Structure formats: C-alpha cells, structure tokens
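> My questions will all concern the structure given below.
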Amino acid sequence: MIKYISTKGQSPAVDFESAILAGFAPDGGLYVPDRIPEIASTQLEEWRHLSYLDLAFEILSLYIDRSVMPATDLRELLQTAYAAFEAEEIITFHPLASSANTQVVELFHGPTLSFKDIGMAFLVHLFHYFLARRKEYRTLLVATTGDTGPAAAYFSAGKSTLDAWVLYPDDKITEMQERQMTTLPHANVHPVAVTHCPEGGDDLDAVIARIFADKSFKAQLNISSVNSINWGRIMMQSVHYFYAYFQTTTRIGEPVSMAVPSGGFGNLCGGSLARKMGLPIRKLIAANNKNACLHRIFSERKMQKEELYETLSSAIDILVPINFWRHLYFVLDDTPIDEIGNWQDTFEKTGEVIFSEEIFAAYANGFLSHCTTDSEVAGLIKAVFEEEAYLLDPHAAVALAAIDALQDKLEGEPLLCFATAHPAKFPEVVQAALGKSELPVSGGHPSIEAAKQYCEKVYRCDNSYLESALRTIMERRWEMERE
Ligand SMILES: *Cc1c(COP(=O)(O)O)cnc(C)c1O
C-alpha cells in the first residue's frame, strides 16, 4: 500500500485519503508518495490508445489504494468531474503553421477556461466523495493569481460538504477572472477581493499559511486547502503529459519536448512525475515571464524570492515555486528527505537557497528554462494571429517564446507548447497586442459573455487586516451554519 510522507520528513506517513484532506502535512511540508511506481514501456504501449479518462483511471489507480476507493467509484468520479469540459477528449492539439514541428496543447477546455480546471475538477470531487462518506464538512481556504480561484469556486459551488473562501489580489487579476468567481449564485462560495497586495498571490498565501499554523482555529473550522500543495492536483496533472506524449508519437521512446508556462511548478511537477514513472520526455521547458523564479533555479542554481513584477501573463506572476520541493524528492534518490526539509526551512526563513553543483546537475537534468519579456509576448500574440489566425493567450505566448529562444538546444524533435488559458480571460492584453479596436471572435467565449450580465457578490478587505478580518467572518459564518 502506498503511503504519503512529507517533504520535510517530520510527519507520520498517512494513507491517500488523509493526505488529500490535509493539504499541507502537519510539519508544513508537502505530501509525496513513499515510492513512485515505474511503468514499463510495454505498459506505456498498451496505454497509448486509451481515452483521456481511461488513461487517468490507470495512472491514478497506481496511487490510490482500492481499499480507500473502489475502482467503480474512481471511474464514476472521473466521469462526473469532467462532464463539464467542452472537449470530450479533455485536451486538444493545434499544429502551428508558422513554427515547424510545434503543436499547441490546449489545456483550457474546462468550465473556467484554464488548465487549473484539470486538477481542480478531480480534487474537489475527491474531497466531496471522502467527506460525504465520513459525513463531514470542510471549510476550504484558497488564494489565486487568477485561475485557481475560479476553478475552486466552480467545482465547490453547491457541494453540501464544502464551504469555499477564495482570496484574490484585487487589482492583479482580470475582470473576467473576477466575474467567474463573483457571479456564482451559490451560498457556499465566498470570494474575497484583497486590496494592497504588493506580492500578489504570495501575500495571500502567507496569510493562509498563518491561519493553517493556528492548529486550534484550523480544527475548530475544519479548514483545508485545494491549492497546488495538494497532492491530488499534482497526480492528476501528470495525466496530460502521458496523453500528449501518446498523441504526438508513434512508439514509446521517440523524443518530444514540452514547454510549460510556469510559476508555482505545479504543472511541471506533473511532468516531472510522469518522467519519473518512465515517460521518455526529452526536455521539459520551464517558461517564465520577468518573474524568473524557475529560470534562476535552472540556470543559476538559485532559488530566490525577489520583488514581484506585474506582467501581461499575470497568472504566472509568482515568486515561490512551491512544488519544486516535490521535484527534488522525485529526482534526488540519494538525498535524505530531511535535507529537502532543511532547504525548505532555509528558504522560508531567508528567501534564498543556493544548491551545490552536484544537486543542480541532478535536478536540472532534462530541463531547460527561459524568461520572456512582455514585449516579446505581445509580439508573438500578434505575429501568430496575423500569420495563421490563431489566438494565443499571454501564457501560451510565454511558452512559445521559450521554444523560439531555445532552438539551438533542441534537436528538431516534436515540440509541445502548453496553452494554459483561453485568450477570452485576457481580452485587454490580447486586444492591445493585436493593436485592433475589436477582439477577434476567437478571443471571446460564451461563458465569459454571460458572466458580464450577472450581479457580483464579493467581500472586500485590505491586506493589512486580512488575517483578523478573515478569522472573524469565517467564524461567524461557521456559527450561523451550525445553528
Ligand atoms: C496557474 C497557471 C500557470 C502556472 O502553473 P503552475 O502550476 O503554478 O506552474 C500557468 N498558466 C496559467 C494560465 C495558470 O493559470
């Protein structure tokens, strides 16, 4: 039976259900499986023709003990969770005419139009499944840089086991993203617009971490988290790497490289996991904007928190690539887990860790990285649209910019450019990049249009008193619910 241990190494091993419902491990580390299953290439061959959800079933089954969740329940959960996706195959492929051997992988066909739907659909349904079985109830507390929040709100909405508090930095997300959270009519979703967050989503994460550290308050309100520290999202996010590889190759072993617009390293962590399981991805490309938190790790051996820059690709304006700790656990076979915990503690205290040459060689193997400017992003959106009438969102453009810049390190293998959001979530950026007075039709989406016509429901709070204000309102709401 697979057990889950903490990347800080100071928490007892737990089963899958406990790891999911806890979010963070009690020592502040991230839960990881105590061993990673390896998939033989014959098995990979057999998986090649599976549908997305059948493939997800096979992969997830390796991490979920049948005694925790029977096979029929897992299949049913997957069917329910992904019913709201507009593409039956979940993710789709778009070959680019202007870049030889490059395909865009569209990861944004879920109900809130970003790749966050992929992990969140599964995780929130899983929470609901476990809680309904235990006859329990949880308060969810999550922060967003624009896309996690809408996905968490959408999937929690109306679920009787969940009450969801969704925090966002007021002026750092788009109006479309905000409306995806504030126009839901459900009584169990509470969006909180937070003003004055110089570090964006990272400011909100800090408040959440403090609330989580108050064990008695956390226990009193049954608080948990569906942010990307939750193992359930990472595990599910490995599936699209397998699926994309199978769709792009004719046999296992052919080289394919994948560029991923990244911030928190949650998406790439799924790629790192897939590779650890045996998927022969040639290069994983960490594509950053000016907030080069991952580029520093993969080019300078340095994890370092700097000031936050606001960019056109706002969903990756992130300073702390929290899931990088999991990647270290996957690849550093000979390093005791306590050592990873030490780095994590050092980073939390000082905002900086410098890795040795040897550790760097191990973790950077199979990775490339690049950071891109806003003007390159805008230029690419315009160029690709003019050449082939295909509209990139600003995050896909960050990934494509990395592919362009790294050509001399690539070897002509098929390249996959991950598109993590629908351009309709960023109409102002797209329109300005195109230099047009109107958005092209492909820059809109019916769900975004519909949300423009609904009332908004939102709490508003200043970052300087967020923690106490949240405690008060969450507690009052909890007491009302219990009456
Ligand atoms: C969250 C997000 C990302 C970054 O994903 P990480 O897992 O944090 O690296 C990229 N693009 C979009 C559109 C996102 O919403």
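The values are calculated or read from the model by the stated rules, or taken from the named source; none is laboratory data. Predicted model only: the values in this text are computed from it and were never measured. Cβ coordinates were reconstructed from backbone atoms using ideal geometry, including for glycine residues, and neighbour counts include every protein chain displayed.
> Can you tell me which condition Leu439 does not meet? The list is (1) buried (at least 24 other Cβ atoms within 10 Å of the Cβ); (2) assigned to a loop (DSSP other than H, G, I, E, B), and all the others hold.
(1)
> Please verify whether the range 412-427 includes one or more residues that are farther than 19 Å from Val105 by Cα, within 16 Å of the ligand (Cβ to nearest atom) and not aromatic (Phe, Trp, Tyr). It would help to see each step written out before you state the result.
Our first condition is that a residue be farther than 19 Å from Val105 by Cα; within the range 412-427, this holds for 427.
Pick out the ones that are also within 16 Å of the ligand (Cβ to nearest atom) and you get 427.
In the following step, the residues that additionally are not aromatic (Phe, Trp, Tyr) were identified as 427.
Within the range 412-427, one or more residues are farther than 19 Å from Val105 by Cα, within 16 Å of the ligand (Cβ to nearest atom) and not aromatic (Phe, Trp, Tyr).
> Could I ask something else about it? Look through the range 297-310, keep the residues that are surrounded by fewer than 19 Cβ atoms within 10 Å (Cβ to Cβ) and within 16 Å of the ligand (Cβ to nearest atom), and return whichever of them is nearest to Phe426 (Cα to Cα). Show your work before the answer.
Start the filter on the range 297-310 by keeping residues that are surrounded by fewer than 19 Cβ atoms within 10 Å (Cβ to Cβ), which leaves 299-302, 304-307, 309-310.
Narrowing the set further to residues that are within 16 Å of the ligand (Cβ to nearest atom) leaves 305, 309-310.
Details: Lys305: 26, Tyr309: 18, Glu310: 14 Å.
Looking at residues that are surrounded by fewer than 19 Cβ atoms within 10 Å (Cβ to Cβ) and within 16 Å of the ligand (Cβ to nearest atom), I get Glu310.
> Quick one: is Pro198 more than 16 Å from the ligand (Cβ to nearest atom), surrounded by fewer than 24 Cβ atoms within 10 Å (Cβ to Cβ) and farther than 30 Å from Ser160 by Cβ?
Working: more than 16 Å from the ligand (Cβ to nearest atom): yes; surrounded by fewer than 24 Cβ atoms within 10 Å (Cβ to Cβ): yes; farther than 30 Å from Ser160 by Cβ: yes.
Considered against the rule, which asks whether it is more than 16 Å from the ligand (Cβ to nearest atom), surrounded by fewer than 24 Cβ atoms within 10 Å (Cβ to Cβ) and farther than 30 Å from Ser160 by Cβ, Pro198 comes out as yes.
> For the range 249-270, which positions are within 16 Å of the ligand (Cβ to nearest atom) and assigned to a strand (DSSP E or B)?
First pass over the range 249-270, keeping only residues within 16 Å of the ligand (Cβ to nearest atom): 258-270.
Residues satisfying the conditions are Met258, Ala259, Val260, Pro261.
> A follow-up question, please. Can you pull out the residues in the range 375-388 that are away from the ligand (no atom under 15 Å from the Cβ), touching a residue at least 40 places away in the same chain (Cβ under 8 Å) and either outside any helix (DSSP H, G or I) or not small (Gly, Ala, Ser) (or both)?
Answer for the range 375-388, where residues must be away from the ligand (no atom under 15 Å from the Cβ), touching a residue at least 40 places away in the same chain (Cβ under 8 Å) and either outside any helix (DSSP H, G or I) or not small (Gly, Ala, Ser) (or both): Lys382, Val384, Phe385, Glu387, Glu388.
> Take the residues of the range 79-97 that are assigned to a loop (DSSP other than H, G, I, E, B) and small (Gly, Ala, Ser): which is farthest from Leu273 (Cα to Cα)? Full working, then the answer.
First, the residues of the range 79-97 that are assigned to a loop (DSSP other than H, G, I, E, B): 82-91, 96-97.
Narrowing further to those that are small (Gly, Ala, Ser): 83-84, 87, 97.
Values: Ala83: 26, Ala84: 26, Ala87: 25, Ala97: 31 Å.
Within the range 79-97, the match that is farthest from Leu273 (Cα to Cα) is Ala97.
> List the residue pairs whose Cβ atoms are under 7 Å apart, where the first residue sits in the range 465-483 and is modelled with pLDDT under 85, the second is loosely packed, with under 13 Cβ neighbours inside 10 Å, and the two are 6 or more positions apart or on different chains.
Close Cβ pairs (under 7 Å, with a partner that is loosely packed, with under 13 Cβ neighbours inside 10 Å) do not exist here.
> Additional query: Mind listing whichever residues of the range 322-337 are farther than 16 Å from Gln237 by Cα and either part of a loop (DSSP other than H, G, I, E, B) or within 11 Å of the ligand (Cβ to nearest atom) (or both)?
Leu332, Asp333, Asp334, Thr335, Pro336
> Which residue out of Asp163, Asp170 is touching a Ser or Thr at 6+ places or on another chain (Cβ under 7 Å), farther than 24 Å from Leu113 by Cβ, charged (D, E, K, R) and more than 16 Å from the ligand (Cβ to nearest atom)?
Asp163
> In this structure, is Val458 of a type in the set (A, V, I, L, M) and within 30 Å of Ser375 (Cα to Cα)? Write out each step before concluding.
Values: of a type in the set (A, V, I, L, M): yes; within 30 Å of Ser375 (Cα to Cα): no.
Against the criterion (of a type in the set (A, V, I, L, M) and within 30 Å of Ser375 (Cα to Cα)), Val458 does not qualify.
> Mind listing whichever residues of the range 425-451 are out of contact with any Ser or Thr (no Cβ under 9 Å at 6 or more places or on another chain) and in contact (Cβ under 8 Å) with a residue 40 or more places away in the chain?
Residues satisfying the conditions are Val430, Ala432, Ala433, Leu434, Gly435, Pro440, Ser442, Gly443, His445, Ile448.
> Still on this structure, please answer the following. Across the range 1-29, what is the number of residues that are among the aliphatic types (A, V, I, L, M) and either in a loop (DSSP other than H, G, I, E, B) or farther than 22 Å from Met69 by Cα (or both)?
Let us first name the residues in the range 1-29 that are among the aliphatic types (A, V, I, L, M), namely 1-2, 5, 13-14, 19-22, 25.
Subset that is either in a loop (DSSP other than H, G, I, E, B) or farther than 22 Å from Met69 by Cα (or both): 1-2, 13, 25.
Going through the range 1-29 one residue at a time, the tally reaches 4.
> For the range 436-483, give me each residue that is within 17 Å of Met176 (Cα to Cα) and β-branched (Val, Ile, Thr).
Val441, Ile448, Val458
> Okay, moving on. With the requirement that a residue be out of contact with any strand residue (DSSP E or B) (no Cβ under 9 Å at 6 or more places or on another chain) and over 17 Å from Leu126 (Cα atoms), what does the range 9-41 give you?
Let us first name the residues in the range 9-41 that are out of contact with any strand residue (DSSP E or B) (no Cβ under 9 Å at 6 or more places or on another chain), namely 9-10, 17, 35-41.
Residues satisfying the conditions are Gly9, Gln10, Arg35, Ile36, Pro37, Glu38, Ile39, Ala40, Ser41.
> Please verify whether Ser313 is surrounded by 24 or more Cβ atoms within 10 Å (Cβ to Cβ) and within 22 Å of Gly149 (Cα to Cα), treating the condition exactly as stated. So that I can check it myself, show each step before the final result.
Working: surrounded by 24 or more Cβ atoms within 10 Å (Cβ to Cβ): yes; within 22 Å of Gly149 (Cα to Cα): yes.
In short, yes.
> Something else about it: Is it the case that Ile297 is in contact with a Phe, Trp or Tyr (Cβ under 8 Å, 6 or more places away or on another chain), part of a loop (DSSP other than H, G, I, E, B) and modelled with pLDDT of 95 or more?
Values: in contact with a Phe, Trp or Tyr (Cβ under 8 Å, 6 or more places away or on another chain): yes; part of a loop (DSSP other than H, G, I, E, B): no; modelled with pLDDT of 95 or more: yes.
It is false that Ile297 is in contact with a Phe, Trp or Tyr (Cβ under 8 Å, 6 or more places away or on another chain), part of a loop (DSSP other than H, G, I, E, B) and modelled with pLDDT of 95 or more.
> Between a residue in the range 26-49 that is at positive phi and any residue that is surrounded by 13 or more Cβ atoms within 10 Å (Cβ to Cβ) and in a loop (DSSP other than H, G, I, E, B), which pairs come within a Cβ distance under 8 Å, given they are 6 or more apart or on different chains?
Gly28/Lys8
> OK, next. Residue check, Val194 against (1) farther than 15 Å from Lys457 by Cβ; (2) out of contact with any Cys (no Cβ under 9 Å at 6 or more places or on another chain); (3) hydrophobic (A, V, I, L, M, F, W, C), all met but one. Which one?
If we test Val194 against (1) farther than 15 Å from Lys457 by Cβ; (2) out of contact with any Cys (no Cβ under 9 Å at 6 or more places or on another chain); (3) hydrophobic (A, V, I, L, M, F, W, C), just (2) comes out false.
> Scan the range 451-483 for residues that are in a helix (DSSP H, G or I), touching a Lys or Arg at 6+ places or on another chain (Cβ under 7 Å) and either among the acidic types (Asp, Glu) or surrounded by fewer than 16 Cβ atoms within 10 Å (Cβ to Cβ) (or both) and report the count. Steps first, answer last, please.
First pass over the range 451-483, keeping only residues in a helix (DSSP H, G or I): 451, 463-482.
Among the residues that remain, those that are also touching a Lys or Arg at 6+ places or on another chain (Cβ under 7 Å) are: 451, 467.
Going one step further and asking which of them are either among the acidic types (Asp, Glu) or surrounded by fewer than 16 Cβ atoms within 10 Å (Cβ to Cβ) (or both), we end up with 467.
Summing the residues that are in a helix (DSSP H, G or I), touching a Lys or Arg at 6+ places or on another chain (Cβ under 7 Å) and either among the acidic types (Asp, Glu) or surrounded by fewer than 16 Cβ atoms within 10 Å (Cβ to Cβ) (or both) in the range 451-483 gives 1.
> Okay, moving on. Kindly indicate whether Glu76 is in a loop (DSSP other than H, G, I, E, B) and either crowded, with 20+ Cβ neighbours inside 10 Å or among the charged types (D, E, K, R) (or both). Working first, answer last.
Numbers: in a loop (DSSP other than H, G, I, E, B): no; either crowded, with 20+ Cβ neighbours inside 10 Å or among the charged types (D, E, K, R) (or both): yes.
So Glu76 does not fit the description; no.
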